[in-house]
Amino acid sequence: MQIGSTSSFQSSNLISQQKKKEEEENEKLASGKRINSAADDAAGFSISQRLTSQINQSAQLNANETYNQSLASTESSGLQNSSASVQRINELVVASGNGINGANELGAIQSEINELVSGIDNASSLGLDTINVTTQSVDANLATGQAAQEQLLSSQSDLGAQINASDSYQRQLSSAFENQSAARSRIEDADYAQVSSDQSKAETLLEASVRAQKEKEENEKNAVTNLLG
């Protein structure tokens with residue numbers, strides 16, 4: 001009877017192992033992943049985790065660049081508006097020096113200039129708040145306006161280079177993200193046909209083991225009955 005108990009234990013242990021194998025194959029089919037935990041493939045799981053970390057980093061860096069580009073685009077739009085305003089100011093300065101404007105006309109021109117200047121964020125640093133067609137010569141006002149225009153154009157050029165560099169960096173990040181994701185998929189993703197075949201084998205083995213265990217238990221029961229008469 002001791003031998004029978006040991007045999008039953010071994011059979012039960014085998015069935016448990018085969019159940020576990022079947023569950024693992026079912027999990028692979030459900031998730032589409034060959035590796036769902038370190039138990040499936042310790043080395044592969046470790047590599048997959050490192051790739052996941054790199055993928056997340058690339059995604060975050062890309063999000064940061066998108067945010068920076070949004071800020072740069074807003075700044076670029078502001079510079080374009082400021083540049084257009086300065087161009088109009090220079091036109092008004094030139095118009096003020098045509099020699100036929102009286103005090104009223106010059107006052108009206110200055111009012112428009114003041115309004116344009118008030119809409120430029122960095123007007124003071126550009127010196128635009130010093131332009132006054134009622135008290136200064138055309139040449140002095142125009143020199144100030146042209147210097148401001150050059151400074152704005154330089155800022156736009158620098159910002160354009162920054163945006164182009166950001167675009168290039170984002171393309172690199174996107175390429176890295178795609179390559180890292182593809183590498184992770186090659187490691188993690190299950191071969192559906194292979195997993196399906198393994199699952200079928202596991203189910204067959206489990207069914208056979210359970211059937212054999214039942215037959216064994218039945219035979220042992222009959223043997224005991226016969227011994228007892």
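Of the listed residues TYR67, TYR169, the order by accessible area with a 1.4 Å probe, largest first, is TYR67, TYR169. The orientation-averaged projected area of the convex hull spanned by the Cα atoms of the stretch 63-126 comes to 4.8 nm². Maximal additional length on extending the GLN156-ASP189 stretch stands at 7.1 nm, based on 0.36 nm per residue less the C-alpha distance.
The values are calculated or read from the model by the stated rules, or taken from the named source; none is laboratory data. Only a predicted model underlies this, so the values are computations on that prediction, with no experimental measurement involved. In case anyone asks, the SASA skips ligands and DNA or RNA and just uses the protein heavy atoms, side chains included. Shrake-Rupley method; radii C 1.70, N 1.55, O 1.52, S 1.80 Å.
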